[in-house]
Amino acid sequence: MVDQQANIVIIGGGVVGLAIAFELSRMQDDVFVLEAQPRLGLGNSTRNSGVIHAGIYYQPGSLKAWHCVEGSRLLYEFCGMHGVHHERVGKLIVAQDESEIPELERLKQLGDENGAIGLAIIDGSQIPEIEPNIRGVAAIHSPNTGLVEPEEVVRTLARLAKSNGASLLT
């Protein structure tokens, strides 16, 4: 029998576990990822919508706000660097009547304080230029909101971790 040593064992082969394995395996030998499911990423990682959020809704100064804004920047960078298909599709938060405009202004202020990129309040005439099937009196346009395919992120992280020598065990 051959003795093997695991310097690092990561429990869970979702996006977080694989990202940790990718980074650590660049500097450390014998990194192991243990996943209970028969395939990597079968938990929450591939069961979400794949939205890349801009950072609008969270309390300014909170860890959620910081991680959302910084995480979106890093995810776009990662996807571009490793050929993961993604799109900055943008998002509209629409006010249907004048009474909802103060809430739009509040949300935009939150997003601005959080560092969300490119937020703008647009009037109702500009909405159809971005999305012809939506009507409203005003909207927040969030051009940095995007989409990514979660399973492609998992596969890419797994491939990169393995190429660094990590062992991925399901």
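The values are calculated or read from the model by the stated rules, or taken from the named source; none is laboratory data. Here the structure is a predicted model, which means the values were calculated and not measured. Reconstructed Cβ throughout: ideal geometry from the backbone, glycine too, with neighbour counts over all protein chains shown. Side chains are part of the model used for accessible areas, which takes the heavy atoms of the whole protein and leaves out ligands, DNA and RNA. Shrake-Rupley method; radii C 1.70, N 1.55, O 1.52, S 1.80 Å.
Observations
- Hey, residue 96 touching a Lys or Arg at 6+ places or on another chain (Cβ under 9 Å) and over 29 Å from residue 167 (Cβ atoms) or not: yes
- Only residues that are free of Cβ contacts under 8 Å to residues at least 60 places away in the same chain, open to solvent by less than 40 Å² (accessible area, probe 1.4 Å) and of a type in the set (A, V, I, L, M) were counted in segment 102-152, giving 8.
- For segment 135-169, filtered to residues that are β-branched (Val, Ile, Thr) and either within 24 Å of the chain's Cα centre (by Cα) or at pLDDT below 95 (or both), the residue that is farthest from residue 14 (Cα to Cα) is 140.
- Some residue of segment 1-20 being closer than 23 Å to residue 154 by Cα, in contact with a strand residue (DSSP E or B) (Cβ under 6 Å, 6 or more places away or on another chain), in a loop (DSSP other than H, G, I, E, B) and at pLDDT below 95: yes
- Residue 55 open to solvent by less than 80 Å² (accessible area, probe 1.4 Å), within 30 Å of residue 130 (Cα to Cα) and part of a helix (DSSP H, G or I): no
- Qualifying residue in segment 81-96 (condition: surrounded by 15 or more Cβ atoms within 10 Å (Cβ to Cβ) and under 25 Å from residue 37 (Cα atoms)): yes
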